[in-house]
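Notes follow once the structure below has been shown.
The values are calculated or read from the model by the stated rules, or taken from the named source; none is laboratory data. All figures in this text were calculated on a predicted structure; none of them were measured in a lab. For neighbour counting, all protein chains shown are included, and Cβ atoms are generated from backbone atoms with ideal geometry for every residue, glycine included.
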Amino acid sequence: MAPLLLAAQAVRLFAPNPAAIELPLLAAVMAMQGETISRFGGVAIQTVVVTNNLLKFADAIVGRYLPNGKRSHATSGEAGRTTQADVILPGCAWLAHTVGAGSAALASVSFSLPLTAPAALLVLTTVDVLVTRPLEDT
């Protein structure tokens, strides 16, 4: 994903009409993200489609905090009650989407190379996962 983000950044800098090339590159990055990053702590979280996370968050709040709340997507813990993880993870995802969108908007107007920071974060995350991941027996 990082090389595609850097390619989109280069297109943004040097192409006379960057949208025709930049948007397909960014769409490919989003597709890769949607396929590779989808489970956190055993809970499925969409990282591309934010409305699904909002629905899961609202559904989990109803199932956890309202008496006789009806849940449609959340897994249940003791006595059919939504687990705390089912509330926290979609809520954190929604918060992260909001902060990320705001940060991206500010970076886009404030910096000449706004896609380099996400590319660097992807590289650091990949290195972290590779270093901390236990080796599996093959």
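Within the range 21-62, which residues are modelled with pLDDT of 85 or more and closer than 17 Å to Leu115 by Cα?
Ile21, Glu22, Leu23, Pro24, Leu25, Leu26, Ala27, Ala28, Val29, Met30, Ala31, Met32
Filter the range 4-37 down to the residues that are farther than 21 Å from Val49 by Cβ, loosely packed, with under 12 Cβ neighbours inside 10 Å and either without any contact (Cβ under 8 Å) to a residue 60 or more places away in the chain or among the hydroxyl-bearing types (Ser, Thr, Tyr) (or both) and list them by number.
Scanning the range 4-37 gives Phe14, Pro16, Asn17, Ala19, Ala20.
Filter the range 65-99 for residues that are at pLDDT 80 or above and touching a helix residue (DSSP H, G or I) at 6+ places or on another chain (Cβ under 6 Å); which is farthest from Val49 (Cα to Cα)?
Thr82
Give the residue, chosen from Leu130, Leu121, that is in a helix (DSSP H, G or I), exposed (fewer than 11 other Cβ atoms within 10 Å of the Cβ) and at pLDDT 85 or above. Talk me through it step by step, then tell me what you get.
Details: Leu121 fails: exposed (fewer than 11 other Cβ atoms within 10 Å of the Cβ).
Only one candidate passes the filter, namely Leu130.
Failed condition for Ala10, given (1) touching a Phe, Trp or Tyr at 6+ places or on another chain (Cβ under 6 Å); (2) at pLDDT 90 or above, with all others met?
(1)
When both residues are 6+ apart or on different chains and their Cβ atoms are under 9 Å apart, which pairs have a first residue that lies in the range 85-98 and is farther than 20 Å from Met30 by Cβ, and a second that is surrounded by fewer than 18 Cβ atoms within 10 Å (Cβ to Cβ) and among the hydroxyl-bearing types (Ser, Thr, Tyr)?
The qualifying pairs are Ala85/Thr75; Asp86/Thr75; Asp86/Ser76; Val87/Tyr65.
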